[in-house]
Structure formats: C-alpha cells, structure tokens
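The values are calculated or read from the model by the stated rules, or taken from the named source; none is laboratory data. Given the structure is predicted, the values throughout are model-derived calculations rather than measurements. Note that we place each Cβ from the backbone using ideal geometry, even for glycine, and neighbour counts take in every protein chain shown.
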Amino acid sequence: MSLGQTNAPWIARELSKLVVVGHVDHGKSTLIGRLLYDTDSLPEGKFEELKATSERRGMPLEWSFVLDAFQAERDQAVTIDTTQIWFKTAKRDYVIIDAPGHKEFLKNMVTGAANADTALLTVDAREGVREQTRRHGYILHIIGVKQVAVAVNKIDLVDYDEARFNEVAREVTQYLNDIGVEPSFIVPISARDGDNIARRSAQTPWYEGTTLLEALDSFRVTTLPIDQPLRFPVQDVYKFDDRRLIAGRVESGVLRVGDTLMFSPSNKTAQVGSIEAWNQDPKPVEARAGESVAITLTEQLFLERGELASHEENPPRLTTVFKGRVFWFGNEPLTAGKTLSMKLTTNRARVTVQAIESVIDTDNLAHRPSDEVHRNEVAEVILRSKQVLAVDEFRDIMRTGRFVLLDGYDTVAGGVLSMEGYPDQRRALSVKSSNVYSVEHRVSAEARAQRNGHRGGVLWFTGLSGAGKSTLAMEVEQRLFRKGYHVYVLDGDNVRRGLNANLGFSPDDRAENIRRVGEAAALFADAGLIVITAFISPYRADRERARAAGRGAFHEIYVDADLEICEQRDPKGLYKKARSGEIKDFTGISAPYETPIDPELMVNTSNSAVDTCAEQIVDYVSRVFSLDDRSLRQTG
C-alpha cells in the first residue's frame, strides 16, 4: 500500500493547507512534483506524460513539469502564478499552495501564503540563504504562519555533506529566529532523487531526524478560531419573503440564536432571530468560525456590506487611523499623501498614507527612514480614513487584522494592522445617554458677547511635551485678562485633579481625557468666555471632535517646537524616563503625535521667545474675538 492510500472506511479527513516558498531555482517545483509522486497523488497517466516530455527534451526526468500549467513557465523556467495541488498521506489530505519564487511574482506569494496553515521553505544546499529566502521568510512572519519546516534541497550536489547541511541549517535558523519564527524541522533532501522525502536515505546516515512527509504530518492542522471573539462581517443583505437575510462568513468565534449582536461601526444592536443555512433541516442554532450563513434579526436594522458583527462585550475597535506593516508590490513607489482603496474583510474604504515610518530591510531586518517605498519592499506606515472603521489588531485576530490595498483595480499591497499608540475611538463615538432634551437658554450668545465685550471661544493649544503650551497659556491668560477679556485656562493640573481624576495615560484614556476637555471647553465658550486649553492632544481625530463640540468657536493653535529642543527643556525629566522605558506610550518617543494640517494659528517656540509668541496669540484674539476694541475695559 502506498503512502497516499488507506483501507479505512470513509471518514472526514483533516485538510492541511501548505504553502511552499523559497528562492528561485532552489527546487520548489521539483520538490512538489516529487511529493505528488511519492504519495501516489499524481493524476492517472501523468507520470508517463512526464517521462515522455523529459525524454523529448533530452533531459533527465523533470518533476517540476508537473506544475507547469502555462507554456510560458517552460519557456521562462520560472513559476508565474499561485497554483493549488492536492496530495494525501495516510494521516490527512493536503492542498499545496505553490507560491512563486521569482521576484516579479511576489504578489501571488503573499496571496497564497495568507491562506496557509503550514509553510515549507526550500533552501539550496549549495547557495544557502539568499535574498528571496529572507524575503519569503519575512512574509511568512508578517502574515502569521507559525508552523514552518525547512527543506535543505539538492543535498546530492554537495555530496551529502553533513558539515554543509549543518552550516545551512544554522544560517536559516538564525535568520528565522531573528524575525520571530522557529523552524520545527530542517530536513536534508534531494527532491530529484527522493532522498528523505517519503523514506529515509542511505546517503545521509548522519541524519537522524524525520523524513519530510513525517515532519509535515506531525504539524497540527490549524484549528479554526472558535475560541476567539465573534467576528461576522456582513457580506450582503437580501430581502427574502418578508425577511431580511444578513449573509456572511463567521471569521472567528461562535454565533448563536438569541445572541445580542453589535454591528460596527454603526453601533446598532439586535438579537439573532434565526440562522439560515442552505439545505439544512432543522435550522442550525449556531454557526462557528469558517461557516458561511445568513441570519435574521428580531428587529429590522438598516445594515450595509462591511459592517462587522460581534458580541457586545468584546467588539472590534473603532478608528480613523492605524499603523500598517505592508508589503508593497505596486509599480510606482508609495509616498506619503497617496490615497488608496483598502479591503478589510468585506469592507472597502478610502485610506490616505499619512506617513511612512520606516522601510524594513528583509536581509538584515534594519529599519531605515525613507520618503517612499519601492516595489517588493516592506514598510511600516500610518494610514488614515475619513470614515470610521471597525478593526482588530492582527496579533489578536489574524483573519480580521489583514488588509489589502488597491490603486484603482490593481492590488498594490498586502498588510497587517496594528493599533499601537492609537486609541479605540468607540467610547468617544458612543452616546449612552437617553431621554435627554435640549433646553433653550434665555440669554443669547449675542447678549453675552455684548455684556463681555467679546465673543466666547476655545483656544486649543496643541504640541509636544516641552513645546511651551502651559507657559504660553498662562502668559496669554494674564495678558488677555488685563485687556478686559473673560478668560480661563484648562490644563492637566486643574483637569486631572477632578474632572478626569479617574483616567490614566493609556492611548484610550488620553483620548477620553481630551474628549471631556473638549466638551467642557465648549461649555465655557458657550457661556461667553475665552477658554485656553493646554494639552498635547496628539491625535488628530480627538482634536476634530473637540472642534465639532465647539460648534464654530474652536481655534486650533499649534505650538511648534523641535523634538530635540523639547527634550533639552524636559523640566520634569519625562523624556529621559520615556527613553529608558520607564514611561510607556510617551508622545514623540513611543507614541505618535499627529501635527495639525491647517491650524488657525501656529507659533514656533524653537525660534521665538515666549513674549513674541504670546503677542502673536493676543493679536489673533483681538482680530477674531473682539466686538469693538475701543469698548474693552482697560484694566492693566
């Protein structure tokens, strides 16, 4: 009986998805052809056709011809597309996702590997680790394939030398370990001759490990993520009879009849009335990760493709900005300011590259600054969307943490998502109050302005720690007060002692801190006062919410200062603590600061004295807030 056969009665067999990667000409296609032959998985007559083709070309038996789906591949001697091939062992079925090794076709490699449970990395025993070996290994790391076996191929061409095998094994292990991948097996093989693939080879008596097939069979089939939080992206909504069927695939977790679902980003909630599945009677009462179903809700909601259903207690994050580690394969370089279309589960949104943080050299893993990302480079970027997106971090839920970028109709990048340094905006966007009704004041804004001699408003100082926001705020407050303005400063000292005493300094708490300050400042402005806020407020989305709360009375003032100068000032020693790791999520060091795009006023404290900057701000207030400068009371 061959390795691919079993006498057992039919049972549901495990299916493992295997991606085969490696540098061009390191023997991937030959290895796959040999795997099919050794497991009796070649289609009937294929072996004879293979022999005839090789003889006609006057060459030894060429196993790689098994995969040649296109004539162009034989002409170019490279694999140019992702191909799926099936084989079986006594233990399980396999589908091989053959990922091309040629540099021009890495897009297909990314696409193929994203669906794999296990990876087989081929390395030529003569050449060792090469450019594509490193690049493919890094891509496996990015997309989260953890189970990796290494086939050191063409061991026959180095005379089955144990020392050379050990040298290559050390080299590939070191690189994979450096990127966080631990190879489970490293096997010396000859794909052409079959050494150590299905059976041990007498040519390598020094090798005491498993054969390649034994190694693959020892891997576990990746279990579907049913233990993770529920994620059910809405693919479509159908009107059927008098029911609205919400169709999609359960990406993680378990969905049950009676569950209360939250749909993000709309924050709508409803209970699952039924689960509909094709040709199932009785109807299922639950659907698990990997299953495509339709559901009905106990109340009618208007939902659209792209909404992400979850349980209320563990929803995805909501954001308009996030970090992405992307593999760029567009023909033109990626630059900051570029707007692209992003596919995230079933959602599609326009995103803009806010910044390129670094390009990663997959050879030595070094990060370097760059203004652009070239074809086949890996980069860390910041992406921003005008619409609120429901997202998961890739490290938490892989299936909903991957995204694809498109330029027009062309796929130009694959990436994984991180919220490191950015807050969940759900709390700021959620409205929990009910039975709240507006009460009209009997004192109009005009009347308050006439009484005070000036309009109310918010002067929102933003900038890095050490830029001089608080110093300027206090100076401007004093000068305006002397001129007769009704003015007050809100800063961390007076806000965090009371109103925000229950908040820490995590990205989420900082966002909530700014939300509360924005609402409080808006009330001050509505009362006719000029309120000055002095907060880093690093996230653009938080400042935009404060602007919206101000209803036209918000004035963003960017207190600009170079990071180097801010560190030199550092009166409280915060930068020093952040550099040493004592303070986490510190703006400018370990957390981002998003500079204002179009502030009402910018003052530069790196080049100008406090007096000069304060005078600029007072002049601005005189122009914008005064009803009539001559009517103001001069008290100083």
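Examine segment 145-164 for a residue that is closer than 19 Å to Ile397 by Cα, in a loop (DSSP other than H, G, I, E, B) and in the same structural domain as Val19 (by TED's automatic domain parsing), and state whether such a residue exists.
Yes, that holds for at least one residue.
Are any residues in segment 152-185 among the small types (Gly, Ala, Ser) and within 28 Å of the chain's Cα centre (by Cα), and if so, which ones?
If the condition is that a residue be among the small types (Gly, Ala, Ser) and within 28 Å of the chain's Cα centre (by Cα), then Gly180, Ser184 are the ones that fit.
Hey, could you check segment 195-212 for residues that are among the hydrophobic types (A, V, I, L, M, F, W, C) and more than 17 Å from Phe87 (Cβ to Cβ) and say which is surrounded by the most Cβ atoms within 10 Å (Cβ to Cβ)?
Trp206
Please work out which residue is surrounded by the most Cβ atoms within 10 Å (Cβ to Cβ), limiting yourself to segment 440-493 and to residues that are among the polar types (S, T, N, Q) and within 20 Å of Ile557 (Cα to Cα).
Residues of segment 440-493 among the polar types (S, T, N, Q): 444, 450, 452, 462, 465, 470-471, 478.
Right, trim to within 20 Å of Ile557 (Cα to Cα) and you get 462, 465, 470-471, 478.
Working: Thr462: 28, Ser465: 24, Ser470: 18, Thr471: 18, Gln478: 14.
My answer is Thr462.
Quick check: anything in segment 137-151 under 24 Å from the mean Cα position of the chain (by Cα), modelled with pLDDT under 85 and among the polar types (S, T, N, Q)?
no
Within segment 262-374, considering only strands (runs of 3 or more DSSP E) that don't extend past its boundaries, which have at least 1 residues that are in contact (Cβ under 8 Å) with a residue 24 or more places away in the chain and under 21 Å from Tyr238 (Cβ atoms)?
Of the strands (runs of 3 or more DSSP E) lying wholly inside segment 262-374, those with at least 1 residues that are in contact (Cβ under 8 Å) with a residue 24 or more places away in the chain and under 21 Å from Tyr238 (Cβ atoms) span 268-276, 286-288, 292-297, 308-311, 347-360.
Go through Asp396, Asp407, Asp392 for me and flag whichever is more than 30 Å from Asp178 (Cα to Cα), at pLDDT 85 or above and among the charged types (D, E, K, R). Spell out the reasoning first.
Values: Asp396 fails: more than 30 Å from Asp178 (Cα to Cα); Asp392 fails: more than 30 Å from Asp178 (Cα to Cα).
From the options Asp396, Asp407, Asp392, the qualifying one is Asp407.
Of all residues in segment 216-250, which are surrounded by fewer than 19 Cβ atoms within 10 Å (Cβ to Cβ), assigned to a strand (DSSP E or B) and charged (D, E, K, R)?
Once the filter is applied, which keeps residues that are surrounded by fewer than 19 Cβ atoms within 10 Å (Cβ to Cβ), assigned to a strand (DSSP E or B) and charged (D, E, K, R), segment 216-250 yields Asp236, Lys239, Arg243, Arg244, Arg249.
Do we have any residue at all in segment 558-571 that's under 30 Å from the mean Cα position of the chain (by Cα), surrounded by 14 or more Cβ atoms within 10 Å (Cβ to Cβ), under 18 Å from Asp491 (Cβ atoms) and at pLDDT 95 or above?
yes
For segment 179-194, give me each residue that is modelled with pLDDT under 95, surrounded by 19 or more Cβ atoms within 10 Å (Cβ to Cβ) and of a type in the set (A, V, I, L, M).
Val181, Ala191, listed by residue number.
For a quick check of your reading of the model, give me the residue pairs whose first member lies in segment 501-513 and is within 15 Å of Phe535 (Cα to Cα), whose second is aromatic (Phe, Trp, Tyr), with beta-carbon atoms closer than 6 Å and at least 6 apart or on different chains.
Note: pairs meeting the criteria are Pro507/Tyr422.
Checking Leu365 against (1) surrounded by 20 or more Cβ atoms within 10 Å (Cβ to Cβ); (2) modelled with pLDDT under 90, which single condition isn't satisfied?
Every condition holds for Leu365 apart from (1).
Considering only residues that are among the aliphatic types (A, V, I, L, M) and either in a loop (DSSP other than H, G, I, E, B) or under 19 Å from Val603 (Cβ atoms) (or both), which ones fall in segment 579-592? Working first, answer last.
Narrowing segment 579-592 to residues among the aliphatic types (A, V, I, L, M): 583, 589, 591.
Result: Ile583, Ile589.
Out of (1) within 30 Å of Thr133 (Cα to Cα); (2) under 34 Å from the mean Cα position of the chain (by Cα), what's the single condition that is false for Pro188?
Result: Pro188 passes all but (2).
Pairs, please: C-beta under 7 Å, at least 6 apart or cross-chain, first residue of a type in the set (Asp, Glu) and in segment 138-167, second modelled with pLDDT under 95 and part of a loop (DSSP other than H, G, I, E, B)?
Matching pairs, first to second residue: Asp156/Asp193.
What number goes with the only condition from (1) hydroxyl-bearing (Ser, Thr, Tyr); (2) closer than 24 Å to Ala445 by Cα; (3) surrounded by fewer than 19 Cβ atoms within 10 Å (Cβ to Cβ) that Ser506 does not pass?
Ser506 satisfies every listed condition except (2).
Got at least one residue in segment 512-522 being within 28 Å of Asp611 (Cβ to Cβ) and either surrounded by 18 or more Cβ atoms within 10 Å (Cβ to Cβ) or modelled with pLDDT of 95 or more (or both)?
Yes, segment 512-522 contains a residue that is within 28 Å of Asp611 (Cβ to Cβ) and either surrounded by 18 or more Cβ atoms within 10 Å (Cβ to Cβ) or modelled with pLDDT of 95 or more (or both).
Being at pLDDT below 95, hydroxyl-bearing (Ser, Thr, Tyr) and assigned by TED's automatic domain parsing to the domain that holds Tyr620 is the requirement here; does Tyr488 meet it?
no
If Leu601 passes every condition in (1) surrounded by fewer than 17 Cβ atoms within 10 Å (Cβ to Cβ); (2) among the hydrophobic types (A, V, I, L, M, F, W, C); (3) under 26 Å from Phe481 (Cβ atoms) but one, which one does it miss?
(1)
Just a yes or no: is a residue in segment 354-373 among the hydrophobic types (A, V, I, L, M, F, W, C) and over 21 Å from Gln132 (Cα atoms)?
Yes: one or more hits.
Take the residues of segment 579-598 that are over 23 Å from Arg384 (Cβ atoms) and among the small types (Gly, Ala, Ser): which is surrounded by the fewest Cβ atoms within 10 Å (Cβ to Cβ)?
That would be Ser580.
Determine which single condition Lys576 fails, assuming it passes every other condition in (1) in a helix (DSSP H, G or I); (2) loosely packed, with under 15 Cβ neighbours inside 10 Å; (3) in contact (Cβ under 8 Å) with a residue 12 or more places away in the chain.
Of (1) in a helix (DSSP H, G or I); (2) loosely packed, with under 15 Cβ neighbours inside 10 Å; (3) in contact (Cβ under 8 Å) with a residue 12 or more places away in the chain, only one is false for Lys576: (3).
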